[in-house]
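Have a look at the structure below, then the notes.
The values are calculated or read from the model by the stated rules, or taken from the named source; none is laboratory data. As the structure is a prediction and not an experimental result, all values here were calculated from the model. When we count neighbours, we look across all protein chains shown, and the Cβ atoms used for this are built from the backbone with ideal geometry, even at glycine. Just so you know, the surface numbers come from the protein's heavy atoms only, side chains and all, with ligands and any DNA or RNA stripped out. Shrake-Rupley method; radii C 1.70, N 1.55, O 1.52, S 1.80 Å.
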Amino acid sequence: MLEKRILTALLLLPLVILAIFYLPNPAFALLWAVVLNFAAWEWSALARLNSLLARLAWVLVLDLVLVAVWFSINVNTVTDAVMLVAAAFWAVVIIALLFDITHRVSALSALAYHTVSLVVGALLIVPTWLALVLLHDSQTSSVLLVFCLVWAADSGAYFAGRRFGKHKLAPAISPGKSWEGVLGGLLLSLVVVGFWVLLTDIPSAEQVAFIIIAMLAVMVSIYGDLLESVFKRASGIKDSGQLLPGHGGAMDRLDSITAAAPVFVAGYLIKDMLL
C-alpha cells in the first residue's frame, strides 16, 4: 500500500506543478472544476444518494454554482463572502469535533442526513475551488505552498504516528490518527514554512502573519480529514473512491485541501479587515 501511495504521488506531483505554473488562470480554474467534479461525485455516495439521476443532478447543481462564482470572481463582496462563510463553517466543524457531537450525524433521519451531507459537500467543494483560483490568479506560488503544507502535514503525521503514536486523536472517528502524528505533521509543516520564508521575498513585517496563517491552515486541514471520516462512517464507506491507486478517491486526497485552501485565503482576508 505504501509503495502504491508513493508511486502515485510521484506520478501526480509533476502534473500538479505543471498545472500550477504553466496553465493560465481560466484553464487552471477549469481543470480544478473537473477534479472537484470527481470529488463531488464521490461525496454524493457519502451523502447516500443512491440513484444515478440524483447523483448527476447534485454534480450539475454544483457546476452551476461554480459557473456563477466564476462570473462573479471580480466582485470582491461575493468572493469575500464565500471565504468568510468557509472560515465560519470550519470553526463550526472544529467545535463539533472537539465536543464529540458529530456522531449524531449517523442518527439523522434519511432526509436530514441527505440535507446536511449535501450542504456540507457544497461548503467543501465551492470554497476550495474559489480559494485555489484566487491564489493562482494573485500569486501562483501560493497554490504550491498550500499543497506542500498539506503534503508535509500528511507525511509527518503518517510517519510520526507509526513510530510514536500512542494517544489517539479521535478513536471513534479515525482510530489510526494520534496526537503524536499531529505533532509530527505540524513540525514538518513548520519546516516547510521556514524554508518558504527563507527562499521567498516575503517582507519581514509580513512574515509573522504569514507563518500564523499558514500554520492555522495546517491545523484546520487535520479536521478536513476527520470530517470526511465522519461521513464515511455514517455511510458505511471505507474509501470515497478508487480513482488513485493506494490513495482511494479524489475526496480522500483532497479532504485536507478542502480545509487548508479556504482557511489560508480567509486568514489573509481577515487579517486585512482587522489591520
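Our analysis of the range 91-164 gives Rg over Rh at 1.10, with the two radii drawn from alpha carbon positions and Rh computed by the Kirkwood formula.
Placing +1 at every Lys and Arg Cβ and -1 at every Asp and Glu Cβ, with all other atoms neutral, what dipole size does the range 84-181 have around its Cα centre, in debye to the nearest 20?
Working: 6 positive and 4 negative charges, 82 e Å.
It comes to approximately 400 debye.
Whats the longest run of the chain with zero trypsin sites (Lys or Arg not before Pro) that are DSSP loop and have at most 12 other Cβ atoms within 10 Å? Within the chain, the longest run free of exposed trypsin sites (Lys or Arg not before Pro) spans 1-165. Our estimate of slack between residue 57 and residue 208, defined as 0.36 nm per intervening residue step minus the Cα-Cα distance, is 49.9 nm.
Enumerate by residue number the chymotrypsin sites (Phe, Trp or Tyr not before Pro) in the range 70-119 meeting two conditions: DSSP loop (anything except H, G, I, E, B), and at most 10 other Cβ atoms within 10 Å of the site's Cβ. Please list the in-between numbers first.
Numbers: sites: 70, 71, 89, 90, 99, 113; in loops: 99.
Taking the range 70-119 and a limit of 10 other Cβ atoms within 10 Å, the loop chymotrypsin sites (Phe, Trp or Tyr not before Pro) found are 99.
Roughly how many percent of the accessible protein surface of the range 80-226 is carbon and sulfur, given a 1.4 Å probe and a whole-percent answer? C and S atoms contribute 71 percent here.
Where only protein heavy atoms count, and the probe is 1.4 Å, what is the accessible area per residue for the chain in Å²?
Details: 14030 Å² over 275 residues.
Value for the chain: 51 Å² per residue.
State, to one decimal in nm², a quarter of the convex hull surface area for the C-alpha atoms of the chain, i.e. the direction-averaged projected area. Mind showing how you got there, number by number?
Numbers: hull surface 58.3 nm².
Result: a mean projected hull area of 14.6 nm².
For the range 1-118, the Cα-based Rg and Dmax, in that order, read 17.7, 47 Å. When the Gaussian network model of the chain links Cα atoms closer than 10 Å, the mean-square fluctuations of 176, 249, 224 top out at 176.
Among the lysines of the chain, pairs that are 8 or more positions apart or on different chains and have alpha carbons within less than 19 Å of each other number 6.
With charges set only on the Cβ (+1 for Lys and Arg, -1 for Asp and Glu), what does the dipole of the chain come to about its Cα centre, in debye to the nearest 20?
Numbers: 15 positive and 16 negative charges, 180 e Å.
Rounded to the nearest 20 debye, it is 860 debye.
Here the label points at residue 34 and residue 91, each 7 Å from Cα along the C-beta direction, are separated by 3.8 nm in the simple model. Each Lys and Arg Cβ is given +1 and each Asp and Glu Cβ -1; about its Cα centre, the range 152-275 then shows a dipole of about 560 debye. Its alpha carbons considered, the range 157-211 gives a radius of gyration followed by a Dmax of 15.0, 44 Å.
Note on the chain: dipole from Cβ charges, positive end direction compared against 136, 109, 198; the farthest Cα belongs to 109.
With each label modelled as a point 7 angstrom along the Cα→C-beta vector, the residue 22-residue 201 pair spans 2.5 nm. Residue-normalised convex hull volume from the C-alpha trace of the range 126-218: 103 Å³ per residue.
Relative to the present Cα-Cα distance, how much length would full extension add between residue 238 and residue 71 at 0.36 nm per residue of separation?
On the way: separation 167, 0.36 × 167 = 60.12 nm, distance 3.67 nm.
Here the answer is 56.4 nm.
With Cα atoms defining each centre, the range 52-71 and the range 107-132 are spaced 13 Å apart in the structure. Under a Gaussian network description of the chain, with springs only between Cα atoms under 10 Å, the residue in 98, 188, 46 that fluctuates furthest is 98. Comparing mean-square fluctuations of 106, 204, 235 from a GNM of the chain with C-alpha springs under 10 Å, the top value falls on 204.
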